[in-house]
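Step one of this worksheet: look at the structure below.
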Amino acid sequence: MPLSRTLSMSSLPGLEEWEDDFDLENTVLFEVAWEVANKVGGIYTVLQTKAKVTGDEWGDNYYLVGPYTEQGVRTQVELLEPPTPSLKRTLDSMNSKGCKVYFGRWLIEGGPLVVLLDVGASAWALERWKGELWDTCSIGVPWYDREANDAVLFGFLTTWFLGEFLAQSEEKPHVVAHFHEWLAGVGLCLCRARRLPVATIFTTHATLLGRYLCAGAVDFYNNLENFNVDKEAGERQIYHRYCMERAAAHCAHVFTTVSQITAIEAQYLLKRKPDIVTPNGLNVKKFSAMHEFQNLHAQSKARIQEFVRGHFYGHLDFNLDKTLYFFIAGRYEFSNKGADVFLEALARLNYLLRVNGSEQTVVAFFIMPARTNNFNVETLKGQAVRKQLWDTANTVKEKFGRKLYESLLVGSLPDMNKMLDKEDFTMMKRAIFATQRQSFPPVCTHNMLDDSSDPILTTIRRIGLFNSSADRVKVRVLAGWVGHGRRVGGAWLHISHLLHYSRFRYHPSTLASDPLVERVYCDLRPAKKEKLRVHFSCLPAAECTVMGIPSISTNLSGFGCFMEEHIADPSAYGIYILDRRFRSLDDSCSQLTSFLYSFCQQSRRQRIIQRNRTERLSDLLDWKYLGRYYMSARRLALSKAFPEHFTYEPQEADATQGYRYPRPASVPPSPSLSRHSSPHLSEDEEDPQDRTPNEDSERYDEEEEAAKDRRNIRAPEWPRRSPCSSISGSKRNSVDTAPSSSVSTPSEPLSPASSLGEERN
């Protein structure tokens, strides 16, 4: 049952207030993207989470434009009649001319209005439109590239819709069209080519050519200025796609990227420096009561441990109270997502834990859907054996309880020799024998279609992590990820219920009273480059930060760069930044190993305090504040497209005060010797004798922590608003588009142990 939660309150008093007198009455915003109500990748979640903030600003003048998909409309969109006469006339006109255009409300938070264009129904005009694209923009699209053909159809339909909307509007509005990624870029180019009175914005979340270049063995970011972009795109047979993206970037009134690292990339590959960096955020919410996240923590902990007990049956020779859970999640891109680095570091971590006699056990999950044909039989058998053992224990418990009750009822103490009969012992012995097995616990949940050449399984065989009793690091590959209630082969996937992805994300590690299950998320994606698949909004690293879960990212990801820029010592707040730009692959593996080993060496109490600090950073990722960058981009576009109505006068931005992070409502006080962090002692509360000697003198002071936050956390320097004049004399606002911020030098990570030199990359 979902918990009731409330929106977070502002804890960032250093920011300039925006009392908005910017008149949006006759201004309309269309946000165009291929992933509107069509889940393909991370942009879907960016749009989904940003919709409420944008809708609050624009009201009913905000529309999302995307492709029509039957699955998306059936499950996510409520079809409606257009609310305005001009919009109704626009849709009627297009539908009467052979197009299929749908209007409705996207059933997400904020409920934005959506216009869906049926690309397939307009395929009759593909060849004619491709010819027009060549005549207008000199971009040719090959017949075999279906994705590019869809982009052409979607672009022409979008331009048709915008032009028709302007023609059908009685009072000509000021239209802002925001296009995301190259799939929507054709529409932007055509808007400019046809001289439509539209203010255009183009946002690239990761350059297309950059993705391809980083898939190869090249030192990408240190050789950006040396690439012959036309040659590289041509050799990879994506030159037409690259031209679409580059043309959109140059035609847009305002060009934005979602991180500083992508801005550098775009400057060299797309040959235009972004006007504004618009980092993506999250809808940060806090628990409204302490017991809510305590209950959720207990439920998630029980589910994860239930799965581990079943999976490692017969080899459950490690203490679950001293087990840490690491996980890495994303598309199955072995190098781009960092699985290669993570596996190598796990092998070295296993060696360190073994030679140092550590009692800690690490269970590492790889949540990467791959090509499979069915569940691994051993995986299902393990859960069946665990359930059988549980049923046996319950049966014996009921019989024992019934005999105890009857004995006490007659006023006598029970004879313990008669409480269990021979049949009970036989049943328990059979259950014990059923838990025995000769093989190691399986590594993968599913049968891989190409087991012998699968990169993750091949690497696991090479490094020898087979889940043996001697290994302190256990590996589990969740290759066929499914949600609750999904059927495969007619059987309910009990494992999917045990280990749904939300078990990891919504396991609030801020619960200081019951930190039995400790986890860290490894966002190692830029083993070469990958740009935050979903940047800030859908990125598990950002979600984990909001939930107070420590994470590992790199200085080649938007999330890592953002945190490194705004936090003096990210590792103190549970954000470990791996250097993948200026270090070799082997050095990066050693650095990651040191991060993981140092996390394993922390006491339970130290991890509690670190998780509390991690959750303090959640406001940094809130759309409530990061959405202002998008506001700046839209107002800058209006000033460029309609200079007679909107005048933009950039001003110097004053230094903004740093953030002061008071204790959020969802964070209990960190533990100290004088009080407990929850209303009652948890059964898993750490005993005093388990503390290290130096912990007895270490106290946690909330005011002292807040003072550290003020020193360490740098606030984004928001673009300052400046007056905008109009011909009517009405006062409008504009913004500076060059937000600057000081970049802090990351602290030097712990050097790996000397024994790491014996490991090979």
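Only protein heavy atoms count here; on that basis, with a 1.4 Å probe, Tyr239 has an accessible area of about 100 Å².
Put Ile552, Ile108 in order of accessible area, highest first, and with a 1.4 Å probe you get Ile108, Ile552.
Given 0.36 nm per residue, what is the gain on full extension from Tyr102 to Glu78 after removing their alpha carbon distance, in nm? Walk me through the numbers before you get to the answer.
Working: separation 24, 0.36 × 24 = 8.64 nm, distance 1.02 nm.
Full extension from Tyr102 to Glu78 adds 7.6 nm.
Packing here is the average count of other Cβ atoms within 10 Å per residue, and on that basis the peptides 57-66, 329-338, 273-282, highest first, run 273-282, 329-338, 57-66. Separation of the range 117-158 from the range 194-252 is 19 Å, based on Cα centroids. Computed on the Cα trace of the range 155-300, the radius of gyration divided by the Kirkwood hydrodynamic radius gives Rg/Rh = 1.14. The largest accessible area among Arg146, Arg105 belongs to the first residue in Arg146, Arg105, and the rest follow in falling order (1.4 Å probe, all chains). The Cβ shell under 10 Å around Thr203 holds other residues with a net charge of -2, Lys and Arg each +1, Asp and Glu each -1. Put simply, the Cα atoms of the range 584-650 extend 63, 33, 16 Å along their principal axes, the longest span coming first. Within the full protein context, the accessible area of Thr69 is estimated at about 40 Å² for a probe radius of 1.4 Å.
Computed from the alpha carbon positions, the gyration tensor of the range 293-347 leads to an equivalent ellipsoid with semi-axes of 26, 17, 10 Å, biggest first. Taking the accessible area of the range 154-274, probe 1.4 Å, and keeping the other protein chains in place, the carbon and sulfur fraction comes to 46%. Three principal axis extents of the range 343-486 based on alpha-carbon atoms, in descending order, are 67, 42, 26 Å. When the inverse distances between all different Cα atoms of the range 24-143 are averaged and flipped, the Kirkwood radius reads 15.6 angstrom. Among the protein heavy atoms, those of Trp160 account for about 50 Å² of accessible surface (1.4 Å probe, every chain in place).
Where does each of 348-360, 442-454 land if you order them by average Cβ count within 10 Å, highest first?
My ranking of the peptides, most packed first, is 348-360, 442-454.
Once the other residues with Cβ under 13 Å from the Cβ of Val396 are scored (Lys, Arg +1; Asp, Glu -1), what is the net sum? Don't skip to the answer; put the middle values down first.
Working: positive: Lys397, Lys399, Arg402, Lys403, Lys422, Lys429, Arg430; negative: Asp391, Glu398, Asp421, Glu423, Asp424.
Net local charge, Val396 excluded: +2.
Normalised size of the range 125-195, defined as Cα radius of gyration per 2.2 N^0.38 Å with N residues, equals 1.15.
Filter the cross-link list Lys50/Lys231; Lys322/Lys399; Lys97/Lys130 down to pairs whose alpha-carbon distance in this structure exceeds 27 Å. Don't skip to the end; give the middle numbers.
Values: Lys50/Lys231 37 Å; Lys322/Lys399 33 Å; Lys97/Lys130 19 Å.
Among Lys50/Lys231; Lys322/Lys399; Lys97/Lys130, the Cα-Cα distance tops 27 Å for Lys50/Lys231; Lys322/Lys399.
The values are calculated or read from the model by the stated rules, or taken from the named source; none is laboratory data. Note that the structure is a prediction, hence the values are computed from the model and not measured. Here the Cβ is made from the backbone with ideal geometry for all residues, glycine too, and neighbour counts use every protein chain on show. In case anyone asks, the SASA skips ligands and DNA or RNA and just uses the protein heavy atoms, side chains included. Shrake-Rupley method; radii C 1.70, N 1.55, O 1.52, S 1.80 Å.
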